[in-house]
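First comes the structure, then the notes that go with it.
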Amino acid sequence: MSEITELLQMYRAMCRIRKVEERLSALHKAGDIPGFIHSSMGQESVAVGISRYLTVRDTIAVTHRGHAQSIAKGLALSALFAELMGREAGTCRGLGGSMHIADSSIGLLGANGIVGGSLPIAAGSALAHKLDGAGNLAVAYFGDGALAEGIFHECINLCALWSLPCLFLCENNGWSEFSPSDEQFSGDLKKFAAAFNVAYHFTEGLDVSAVTQMAEHIIDAIRTTSKPQVFEVSVERFHGHYEGDAQAYRDPVELAAARARDPIAHLREHLLAFGIAASILAQIDVELTVEIEIAVNVARASPVLSTNDAFAMVYAS
Amino acid sequence: MSEITELLQMYRAMCRIRKVEERLSALHKAGDIPGFIHSSMGQESVAVGISRYLTVRDTIAVTHRGHAQSIAKGLALSALFAELMGREAGTCRGLGGSMHIADSSIGLLGANGIVGGSLPIAAGSALAHKLDGAGNLAVAYFGDGALAEGIFHECINLCALWSLPCLFLCENNGWSEFSPSDEQFSGDLKKFAAAFNVAYHFTEGLDVSAVTQMAEHIIDAIRTTSKPQVFEVSVERFHGHYEGDAQAYRDPVELAAARARDPIAHLREHLLAFGIAASILAQIDVELTVEIEIAVNVARASPVLSTNDAFAMVYAS
Amino acid sequence: MTYGEAIRAALRDAMCSDDHVILMGEDIGVAGGPFGVTSGLLGEFGDQRVLDFPVSEAALVGTAYGAALCGYKPVVEIMFMDFATLAMDAIVNQAAKAHFMFGGQFSVPMVLRMAHGGDIHLGAQHAQCLEAWFAHIPGLIVVCPSDAADAYDLMRAAIENPNPVVFVENKTLYRTTSAPRNAENKAELGRGRIVLSGNDISVVTYGAGVQWAKDSAANLAVDGIDIEIIDLRTIQPWDEALVLRSLRKTHRIVICHEAVTGFGVGAEIAARLADVGFSDLRAPIRRLGADHMPAAYSPKLESHSRPDSEKLCRAIKEVLSYA
Amino acid sequence: MTYGEAIRAALRDAMCSDDHVILMGEDIGVAGGPFGVTSGLLGEFGDQRVLDFPVSEAALVGTAYGAALCGYKPVVEIMFMDFATLAMDAIVNQAAKAHFMFGGQFSVPMVLRMAHGGDIHLGAQHAQCLEAWFAHIPGLIVVCPSDAADAYDLMRAAIENPNPVVFVENKTLYRTTSAPRNAENKAELGRGRIVLSGNDISVVTYGAGVQWAKDSAANLAVDGIDIEIIDLRTIQPWDEALVLRSLRKTHRIVICHEAVTGFGVGAEIAARLADVGFSDLRAPIRRLGADHMPAAYSPKLESHSRPDSEKLCRAIKEVLSYA
Ligand SMILES: Cc1ncc(C[n+]2csc(CCOP(=O)(O)OP(=O)(O)O)c2C)c(N)n1
Ligand SMILES: Cc1ncc(C[n+]2csc(CCOP(=O)(O)OP(=O)(O)O)c2C)c(N)n1
Ligand SMILES: [Mg+2]
Ligand SMILES: [Mg+2]
């Protein structure tokens, strides 16, 4: 596959997520989506870069800000929209919502409403992969806010101790809700990883190619060595903590600068400079719009699960 | 004070703890002490070295293996014996026992039955010291087993973030119950501390002078800077995890070698070499024996708290 | 004044009158917490008294406990009661037991604020009502105000109290308002309140249930049914004497709360009444709580599983129809 | 075979018949756990199936949950039930809710073994009986065997079950022995057992309480009192039909357990009986549990606060004397 084809694929993948998030944002504003949703706009490069090197057997455990992570792993859009609209056609039949998106068929072990919640799930899944011996790995997506949770420490220790094939993927957007990261965590993640003899990598999320290259390298290494690694990617959180957060607590100039660090715009410029016609990119946009509208319609057409069916779901049988 | 006087003081302090532990061991064997007790024999140099530089205002939170830590801080022996015998004259009136020794009058914020339990207590106390602004500090005693608990991570982060005057004192005896430390924790404590920009110090506990010198330096620095520091001391656990543990899981040769690394014997030899007469040391022994027997008798004479009084203790009023 | 504002006012007043009262929590400073309860207090009291915590719940409660042992009076915000699961050691093994276990040497004047309850569609990890857990633990006090006036009074009382108090706030009540209470009706720990006096049946409730009961009273009045509403206000220790007095009058009881019915707070009330109130009972004791299922994300399913005044009316009528 | 050995045998048999059954816990390998339950299994099954964990309870249960999502059947040892406080997020927010919250896509075949109860004089942090907490959480199953035979059967059933099962072991029972049960009396999840058939009063209990009840039966027989003993075996879901049948016969109930009475398991049983069993009740429902205080270290004080057969006899006589 030529480099340009790959770049176009990544462009499409990121735009797909962005457009889904935009659609979700509008649906939320319109009252079609209850509760909170946490948008991953600005952070698309991470999941797109990582997921290229994951198979359907590899597992991921994702955060409350998990749409990009889930979509990039293969979550069907109609199942996503239906879930967030609380409908039966949702991947969790409307019982989970944005913070509990899961899809067993693609190795998506669930988003989490608990900061740091993804970490032991991925570590446990990595243990399962190791016991299975089939060379699969688990990805623990987590935010910089989770660095302060003790469970992070416990999981790194365990994975290092037992050589579990777990990728600790820190999407560092600089914020934990309304507090800047540096008021939350005094550690240096690189040194922290080194203290456990765990390889650490960093890249800026602005450039999806950089993320992708690093991801390939890291994921290969985890498969070969069955050792955990830490990968930190710096990203920007465009839409605040949740949809509707006006981010009044941020300096407008800083916020504008942050929003300018857009991995999609960045790649778009690169593609145009490379000679890709704007019309090709516009065509992608159209195709995605159509895909998304179809998904939204499927979701809308779905009923809400019956109370009895919901009740029957409390225990597995 | 001359160096020799100091050494003799430390010798006496360590012997006092050792003899208390021996007495406790005998009492436990005789059935006078219910439950488990975790002996600090072999680890006496740590608490003795640290406590020299603590005032009564400084606070300590201690572990399940907390006798040495408590005695060195000033816990009255009769209150200790009575507590462990479950009597009203105990420092906790017989309600706490070995794992819950506390003494508000000397800043002993309690032993803990929870591994890692001492850490946030000391951190919280360090916060109180900081807010008080009186230059006091808190010591969190913990074992190497607690390194794997997430709360350790959370507390180091917090103390580093907020510059809290907390000494993280790791008594590393190489064992967590029946498991060797290196099967429990894959991190390097020195590098771990560095990741939080926290000063780290290490010394062998065999030589109480070395502990003491380091302790002075560290405690001074914490008082001046109000920043946390980590101090790791390697020690040996002579009597196994609890009294009655035959340590069958340890290589007898290794165990004998460990027991030969005795801080008291080490200092004794030093003192003798220095020209101190054996009779002086024997005299210390006699004095301590008398002190301890008196304490044991006071303890024995104490009744058990009444049921009503115990019940009235559930809530403060 | 809203319920949320009343809590803020109580915090502010307590902080003014005792400089050992400090606030600890995640995003309680600039952000004022997810429900805005602490907003403005950082500005007023500064960052030595309003301590904005990293996302470390175990250390949050654990250090608050350590500070309480050293004479401070921390009021801790645990954003959602569900997150208390990350701090149960500090709450249950440490704070609850310290006074007893240390033979009375230390007290633990600490308040743990936590928002419980559903209806804001955040799914199963942001909706639980776990107060029964805390009520089961000797050494803890558990309160849950149902309106702004009580929220103020109970918060002041909780901060004054030398024991760890779990202060349960109901999410749906934050924006509700109520008039201040007169002196004799001021909430105290351990004392419930007759919200409405009636003769046919006693409805024992707390938190959001009080409004459901009031709505039911209005509906049932149409049918000539005259209910007595008791707001427990404090769940541990609850006001058994008050409830027994009411039972002696009405002889019939329904207990209602937002928490899951099974093994919930209502179980204890019912069990005590089935013992010490047995001879006064003329009908089965009915409990109305949430169904035995996690909170569903889908609003319709979530609300079907929760109690409401309609279900409460039905339960009341069923008990009254018992002959 | 002792209770402890029975659990070990069940673990071993389950491990032989299904290689996805794995054990996880602290010091469960060489040391065999504090009560020796897993001793020998490391040697037999190796360190890929008997996983000796660092002291990290949150990660212990959290990773077990993650492995369960991926098809393994972890049996986790939490040394003392008190330490479950460090893993409540994984148990309650994650494992208990996964099947529901994910719309049935995943099941969580995980067993959480934990030893509860006092009498070994370890103080307040090593003695708690917190089963009521877990019983309150939809999605969890809670069992507590009272003898070796049930311990074996319930453990096999718990491992087979696709839901997270909290498996409560009573410390004082580990060394007790019992004969194997015949096929029809084999313990199943959700099914209680009539330990002793009687006519005057029903004693509903579980765990250590069963022995207290048996001792009471012997004592009371002298006075011509004929008690029926029901061992719940499963606490969530408990065998309501069996208890109601017994109530219909005896019309009187005492509920007994080692846990603190208030907001304990007995509260739920009593509350249900005071509702659906109301018309069969001829006397107050009495509960006997531990006093509302933490476990005291001093053995005398600890034992005073705990139930025993003497207290149980007294409670039974009191209920029988109600006219
Ligand atoms: C255990 C827990 N504590 C607190 C919260 C509230 N909370 C939700 S998101 C969040 C910040 C998370 O920050 P980060 O991990 O960096 O993720 P981001 O939102 O930036 O993607 C907090 C504190 C929670 N959900 N869970
Ligand atoms: C939270 C918790 N988990 C497990 C235990 C059981 N336990 C008691 S002591 C201990 C080992 C502690 O090792 P370390 O911290 O090194 O202290 P040491 O005994 O060596 O002094 C363990 C696992 C406990 N008490 N608390
Ligand atoms: Mg972030
Ligand atoms: Mg150790």
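The values are calculated or read from the model by the stated rules, or taken from the named source; none is laboratory data. Nothing here was measured: the structure is a model prediction, and the numbers come from that model. With ideal geometry, Cβ positions are generated from the backbone for all residues, glycine too; neighbour counts draw on all protein chains shown.
Some notes on this structure:
- Of all residues in region B:241-280 being aromatic (Phe, Trp, Tyr) and modelled with pLDDT under 95, the one that is farthest from the chain's Cα centre (by Cα): B:PHE274
- In region A:136-162, the residues that are more than 16 Å from D:CYS70 (Cβ to Cβ) reach residues that are of a type in the set (Lys, Arg) and within 15 Å of ligand 1 (Cβ to nearest atom) with C-beta atoms within less than 8 angstrom, at least six apart or across chains, in these pairs: A:GLY143/A:ARG65.
- Lone qualifier among C:ALA96, C:ALA187 - being buried (at least 23 other Cβ atoms within 10 Å of the Cβ) and at pLDDT 95 or above: C:ALA96
- Test result for D:ASP226, closer than 30 Å to B:ALA310 by Cα, among the acidic types (Asp, Glu) and either at pLDDT below 95 or not assigned by TED's automatic domain parsing to the domain that holds D:HIS116 (or both): no
- Residue satisfying all of: in region A:187-210; within 12 Å of chain B (Cβ to nearest Cβ) and within 16 Å of ligand 3 (Cβ to nearest atom); surrounded by the most Cβ atoms within 10 Å (Cβ to Cβ) among these: A:GLY187
- Residues of region D:110-134 satisfying the condition of being at negative phi, touching an Asp or Glu at 6+ places or on another chain (Cβ under 8 Å) and not small (Gly, Ala, Ser): D:ARG113, D:MET114, D:HIS116, D:GLN125, D:HIS126, D:GLN128, D:CYS129, D:LEU130
- Filter result for the condition that a residue is more than 18 Å from A:GLU21 (Cβ to Cβ) and in contact (Cβ under 8 Å) with a residue 12 or more places away in the chain, over A:GLY116, A:GLY42: A:GLY116
- Of the listed requirements (1) without any contact (Cβ under 8 Å) to a residue 40 or more places away in the chain; (2) more than 12 Å from ligand 2 (Cβ to nearest atom); (3) among the aliphatic types (A, V, I, L, M), B:VAL211 misses just one: (1).
- Residues located in region B:81-133, provided they are more than 7 Å from chain C (Cβ to nearest Cβ) and on the phi > 0 side of the Ramachandran plot: B:GLY86, B:GLY94, B:GLY97, B:GLY107, B:GLY116, B:GLY133
- Which listed residue, of A:ALA82, A:ALA138, A:ALA134, is over 14 Å from the mean Cα position of the chain (by Cα), away from ligand 1 (no atom under 16 Å from the Cβ) and more than 28 Å from C:GLY118 (Cβ to Cβ): A:ALA134
- Region B:275-317 - residue that is β-branched (Val, Ile, Thr) and without any contact (Cβ under 8 Å) to a residue 40 or more places away in the chain and, of those, nearest to C:LEU189 (Cα to Cα): B:VAL314
- Checked across region A:150-164, the condition of being of a type in the set (Gly, Ala, Ser), crowded, with 24+ Cβ neighbours inside 10 Å and away from ligand 4 (no atom under 16 Å from the Cβ) holds for at least one residue.
- Of the helices (runs of 4 or more DSSP H) lying entirely inside region A:41-149, those containing at least 2 residues that are of a type outside the set (D, E, K, R) and within 30 Å of D:VAL50 (Cβ to Cβ) span A:118-132.
- Residues that are of a type in the set (A, V, I, L, M), within 16 Å of ligand 1 (Cβ to nearest atom) and within 15 Å of the chain's Cα centre (by Cα), drawn from region A:7-47: A:ILE17, A:ILE37, A:MET41, A:VAL46, A:ALA47
- Here D:ARG287 does not qualify as more than 14 Å from chain B (Cβ to nearest Cβ), among the charged types (D, E, K, R) and surrounded by fewer than 20 Cβ atoms within 10 Å (Cβ to Cβ).
- Residues of region D:233-273 that turn out to be of a type in the set (A, V, I, L, M), touching a residue at least 24 places away in the same chain (Cβ under 8 Å) and farther than 22 Å from D:GLU302 by Cβ, as a count: 10
- Scanning region C:62-72 turns up one or more residues that are closer than 27 Å to D:HIS292 by Cβ, within 16 Å of ligand 2 (Cβ to nearest atom) and of a type in the set (Gly, Ala, Ser).
- Looking across region B:172-186, the residues that are near ligand 4 (Cβ under 7 Å from one of its atoms) and outside any loop (DSSP other than H, G, I, E, B) come down to B:ASN172, B:TRP175, B:SER176, B:SER181.
- If the condition is being over 22 Å from D:GLY123 (Cα atoms), within 14 Å of chain C (Cβ to nearest Cβ) and surrounded by 13 or more Cβ atoms within 10 Å (Cβ to Cβ), then region B:260-317 contributes no residue at all.
- Residue in region A:144-156 that is away from chain B (no Cβ under 14 Å) and modelled with pLDDT of 95 or more present: no
- Conditions (1) within 11 Å of another protein chain (Cβ to nearest Cβ); (2) out of contact with any helix residue (DSSP H, G or I) (no Cβ under 7 Å at 6 or more places or on another chain); number of the one not met by D:GLU131: (2)
- Only residues that are touching a strand residue (DSSP E or B) at 6+ places or on another chain (Cβ under 7 Å) and either over 27 Å from D:THR172 (Cβ atoms) or within 16 Å of ligand 3 (Cβ to nearest atom) (or both) were counted in region D:67-87, giving 5.
The rows are residues; the columns are (1) in contact with an Asp or Glu (Cβ under 9 Å, 6 or more places away or on another chain); (2) under 22 Å from B:GLY113 (Cβ atoms).
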| position | (1), (2) |
| --- | --- |
| D:GLU5 | no, no |
| D:VAL50 | yes, no |
| D:SER56 | yes, yes |
| D:GLY62 | yes, no |
| D:ALA90 | yes, yes |
| D:PHE102 | yes, no |
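- Which numbered condition A:GLN213 misses (of (1) within 30 Å of A:LYS130 (Cα to Cα); (2) in contact with a strand residue (DSSP E or B) (Cβ under 9 Å, 6 or more places away or on another chain); (3) buried (at least 20 other Cβ atoms within 10 Å of the Cβ)): (3)
- Only one of C:ALA124, C:ALA67 that is touching a residue at least 60 places away in the same chain (Cβ under 8 Å), facing another protein chain (nearest Cβ under 10 Å), more than 21 Å from C:CYS256 (Cβ to Cβ) and not β-branched (Val, Ile, Thr): C:ALA124
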